[in-house]
Amino acid sequence: MAYMKNPRVQHFLKTVRSQCKKCNVRFTLSSGYQVNAGGERCQGYFIEPWHSQGHQGELRVAIGGRRTSDWLYTLAHEYAHFQQWMRDDPIYRERDYLTLEQKTEAEALELCRTFKLPIPRRVLLREHRKYMRKLAREC
């Protein structure tokens, strides 16, 4: 995992970890290929904390058996959801799932650019298109 030694990746991970800790959100990179999210298998998820109930939130991404560039992009996507929640963005409460995910994908791409993550542009575009096609079929 040469990417893990990359200073840009380290900076991104440190930022995510730090922000999650401040907001009572457990950040986990899971060793499996997928993670369980409410009975479904997926690449990653974000669940907001319920402070009034004393429940910790969670941002979890599967890294096992995946290319680093792929899971980094998944992390950017889930971190975008975390940021939407943190800044109380109305898009986070959007009822139309496709609209929410389109906006989140745009934010994930911007996060990759902002942090200058070492993800080839073709991989970013491939992952973006693949996810949007999957959503279009499901919605």
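Observations, loosely collected:
- For region 2-138, with +1 on Lys and Arg beta carbons and -1 on Asp and Glu, the positive-most of 19, 35, 69 along the dipole: 69
- With all pairs of separate Cα atoms included, the chain yields a Kirkwood hydrodynamic radius of 15.4 Å.
- When you count the other C-beta atoms within 10 angstrom of each residue and take the mean per peptide, 48-58, 116-126 line up highest first as 116-126, 48-58.
- Reachable aspartates and glutamates, given that their alpha-carbon falls under 18 Å from the alpha-carbon of residue 134 and they are not under 8 places away in the same chain: 40, 70, 78, 96, 101, 105
- Cβ-based charge dipole, region 2-138, positive-most Cα from 54, 112, 85: 112
- Computed helical MRE - 222 nm, the chain, DSSP H runs ≥ 4 contributing -39500 (n - 2.57), nearest 500: -17500 deg cm²/dmol
- When 127, 138, 105, 110 are arranged by Cβ crowding within 10 Å, least crowded first, meaning fewest neighbours, the order is 138, 110, 105, 127.
- Rounded to the nearest 20 debye, the dipole magnitude of region 2-138 is 700 debye, with +1 charges on Lys and Arg beta carbons, -1 on Asp and Glu beta carbons, and the Cα centre as origin.
Since every read-out is calculated from the coordinates, none of them should be taken as a lab result. Just so it is clear, the structure is predicted and the values come from calculations on it, not from any experiment. Methodologically, a virtual Cβ is constructed for each residue, glycine included, from the backbone with ideal geometry; neighbour enumeration extends over all protein chains shown.
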